[in-house]
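Just below is one structure, and these are the notes that go with it.
The values are calculated or read from the model by the stated rules, or taken from the named source; none is laboratory data. Small disclaimer: the values here were computed from a predicted structure and weren't measured. Cβ coordinates were reconstructed from backbone atoms using ideal geometry, including for glycine residues, and neighbour counts include every protein chain displayed.
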Ligand SMILES: NC(=O)c1ccc[n+]([C@@H]2O[C@H](COP(=O)([O-])OP(=O)(O)OC[C@H]3O[C@@H](n4cnc5c(N)ncnc54)[C@H](O)[C@@H]3O)[C@@H](O)[C@H]2O)c1
């Protein structure tokens, strides 16, 4: 298969590129390297995987060139992961966020349409599109109303609507994956689940970690390899659907800290600072639809995932 991955130099995108190459697919990666890095693509570019058919294109998805490129390269499947992925940046610069996350997504969709691609698999955000979810609705299902409370979440929701419109108008099939808090090797300490890499990096450097608020806020931490597996499945299944990709389990930041500290062999407790405004109190995604429609289940435990992340930081 010929695949194109936007955001291919990023944390999740580069992990997806490696997996697709290992399966023998031909892969184009598009990225402007604004937060991603070529270091993440070292293996892909060296042709060390099973597949060697890899091309990197340094391009901004806001540019018209990206439409031409996708139309010309004619991928069968477009994985759209490029994004301004920082919620706080979206609050400070909502127009910039919309340019990248809405207008950029439209350019990618136009390219996919002109290329005659059979499918777009999109990285949406389960932690933001639903907004505040009442305790009775946790873990949240895809049928829950979408009331995003950040410009980033609004953009992810809007792209979900555009995907539906493109399916109706142009018969371009899609699957939108509502990702929980993804963590693992290659993650930069920014973005939605950066807390795992922040804790891992600081604990290994012998530095103290700060928890904002009382640490009892919960998140649904899902390991990057499991998430990439959902993207691969999304190329064949789950057409026309929004699908949650999470564990369904709430983990408090306190428990997360304890897990990483134990794996790192550190006994020092975390420091506490005032809660950050606008932070969700609780978050978890019901992965039931993913099991039915993608045959997907997360298989990496939090301890295993933290260990793998720490190993990557050590090396
Ligand atoms: N990490 C998470 O927990 C999480 C959760 C929900 C959704 N997501 C989504 O998954 C996707 C990948 O996120 P990630 O965590 O790997 O973040 P990341 O920042 O590592 O990856 C995003 C990539 O997009 C690239 N990019 C940004 N703006 C671009 C532009 N204008 N043109 C071309 N490339 C551009 C960046 O350089 C980067 O390589 C994003 O769409 C993000 O919103 C991530």
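Here are the numbers for the structure shown:
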{"read-out": "Criterion: under 30 Å from residue 272 (Cα atoms) and more than 13 Å from the chain's Cα centre (by Cα) - qualifying residue of 155, 200, 165, 180", "value": "200"}
{"read-out": "Residue that is nearest to the ligand (Cβ to nearest atom), among those in region 70-93 that are out of contact with any helix residue (DSSP H, G or I) (no Cβ under 7 Å at 6 or more places or on another chain) and outside any helix (DSSP H, G or I)", "value": "85"}
{"read-out": "Counted residues, region 31-69 - those being at pLDDT below 95, in a loop (DSSP other than H, G, I, E, B) and in contact with a strand residue (DSSP E or B) (Cβ under 8 Å, 6 or more places away or on another chain)", "value": "3"}
{"read-out": "Candidates 280, 256, 310 - the one that is out of contact with any strand residue (DSSP E or B) (no Cβ under 9 Å at 6 or more places or on another chain) and not in a strand (DSSP E or B)", "value": "310"}
{"read-out": "Hits in region 133-144 (condition: assigned to a loop (DSSP other than H, G, I, E, B) and either farther than 16 Å from residue 249 by Cα or within 16 Å of the ligand (Cβ to nearest atom) (or both))", "value": "133, 139, 142, 143, 144"}
{"read-out": "Failed condition for residue 147, given (1) under 20 Å from the mean Cα position of the chain (by Cα); (2) assigned to a helix (DSSP H, G or I); (3) more than 15 Å from the ligand (Cβ to nearest atom)", "value": "(2)"}
{"read-out": "Matching residues, region 105-132, being under 21 Å from residue 292 (Cβ atoms) and away from the ligand (no atom under 15 Å from the Cβ)", "value": "119"}
{"read-out": "Selection count, region 162-204, where residues are in contact with a helix residue (DSSP H, G or I) (Cβ under 7 Å, 6 or more places away or on another chain), within 14 Å of the ligand (Cβ to nearest atom), closer than 22 Å to residue 142 by Cα and outside any strand (DSSP E or B)", "value": "1"}
{"read-out": "Any hit, region 83-91, residues being touching a strand residue (DSSP E or B) at 6+ places or on another chain (Cβ under 6 Å), surrounded by 24 or more Cβ atoms within 10 Å (Cβ to Cβ), in contact (Cβ under 8 Å) with a residue 40 or more places away in the chain and within 18 Å of residue 12 (Cα to Cα)", "value": "no"}
